[in-house]
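A quick write-up on the structure given underneath.
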Amino acid sequence: MDKLRALRYFLKVAQTENFTGAAKAFGVPASSISRRIQDLEKELGVELFFRSTRVVRLTALGTLYYDHVQAAVKAIDHGDEIVSQKSKVPTGTLRITAMPGYGKVRLLPVLEKFRALYPQIILDVELTDQVADMAQSQADIAIRASANLPERSVARRLSGNRFILMASPDYLQRQGTPSSLRELLGHPALIYRGPNGILLWQAQIDHIWQELQMSPTFISNDGSALLEAAVAGQGVALLPEWGIAKELEDKSLVEIALKDATVSVTRALDSGIFLLYNRPKYSVNRVKVAVEFLVTHLTV
């Protein structure tokens, strides 16, 4: 019996809970998957799966075996990949996940330059607000805003993540410029909706935080849509400093400074934008060159 192949089949069936799905993933008949796992069960002397006409799921011993085997097979795959890199030219698929707003404004333009420099690397980019555990994720690199960094990942700081209270000159001319928190509460707000709901604004007054009850005029999970609404004079917005360089320069948006409060979307004022990766993956050529390229071109 090819033990390693049997283990790969076992892991895939456990993940898909389906022999047919595992067979499609490997491009082999479902009967081959079934026979390999039967051989594995015979060798171990235990049943790894409960089988029925509708579902295939792990037994208690199968779950225990899965937890131990998964890490071992992953380590073997990683070792194979490192040793097989006979050329200095980075190749293969590079998986990157990033916040949508930052991804569109900062990451994707830089990746165009990266693709021109490393044409043999296939980029698989996912823009999402969902935060995945890097230890379990298939992503090689993640870009996230955070003040609490994961312990098991390497974190490289790219920039701060300060949010600025902004509005268009036209809006401020029509509605007036708020100079205090009390005045701000009377203005329509452009609010971001994250994966866990509306991102409520927070105000710090004399080192004490309070949640603001703003009157939203537009809510969206698309940061670029909020930016466009702000430029169009539809209300006040809290926008990340890294995403409004052009608008500040051409004065299509101006900063609003309150005399009695600091307003933010988070109470963690030390939050930053970080590039994250797991240390073992850094030894893979494509991951290493991508990390260094992105840190060089995105750090401000």
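The values are calculated or read from the model by the stated rules, or taken from the named source; none is laboratory data. Everything quoted here is computed from the prediction, not taken from an experiment. Note that we place each Cβ from the backbone using ideal geometry, even for glycine, and neighbour counts take in every protein chain shown.
Per-structure values
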{"item": "Residues located in segment 39-63, provided they are surrounded by 12 or more Cβ atoms within 10 Å (Cβ to Cβ), farther than 14 Å from F19 by Cβ and among the hydrophobic types (A, V, I, L, M, F, W, C)", "result": "L44, V46, L61"}
{"item": "Flag if I191 is in a strand (DSSP E or B), under 27 Å from Q138 (Cβ atoms), among the hydrophobic types (A, V, I, L, M, F, W, C) and in contact with a helix residue (DSSP H, G or I) (Cβ under 9 Å, 6 or more places away or on another chain)", "result": "no"}
{"item": "Residue among A116, A139 that alone is surrounded by 13 or more Cβ atoms within 10 Å (Cβ to Cβ), outside any strand (DSSP E or B) and free of Cβ contacts under 8 Å to residues at least 60 places away in the same chain", "result": "A139"}
{"item": "Whichever residue in segment 79-93 is of a type outside the set (S, T, Y) and part of a loop (DSSP other than H, G, I, E, B) and, among such residues, is modelled with the lowest pLDDT", "result": "K86"}
{"item": "Residues of segment 232-288 that turn out to be part of a helix (DSSP H, G or I), of a type in the set (A, V, I, L, M) and either in contact with a Leu (Cβ under 9 Å, 6 or more places away or on another chain) or not assigned by TED's automatic domain parsing to the domain that holds Q204 (or both), as a count", "result": "1"}
{"item": "Residue satisfying condition, being in a strand (DSSP E or B), outside the structural domain of P195 (by TED's automatic domain parsing) and under 19 Å from S137 (Cα atoms), within set I76, I96", "result": "I96"}
{"item": "Boolean, V125 is β-branched (V, I, T), part of a helix (DSSP H, G or I) and at pLDDT 95 or above", "result": "no"}
{"item": "Failed criterion for K3 (all others in (1) within 34 Å of the chain's Cα centre (by Cα); (2) surrounded by fewer than 20 Cβ atoms within 10 Å (Cβ to Cβ); (3) within 15 Å of K74 (Cα to Cα) hold)", "result": "(1)"}
{"item": "Failed criterion for V105 (all others in (1) surrounded by fewer than 19 Cβ atoms within 10 Å (Cβ to Cβ); (2) assigned to a helix (DSSP H, G or I) hold)", "result": "(1)"}
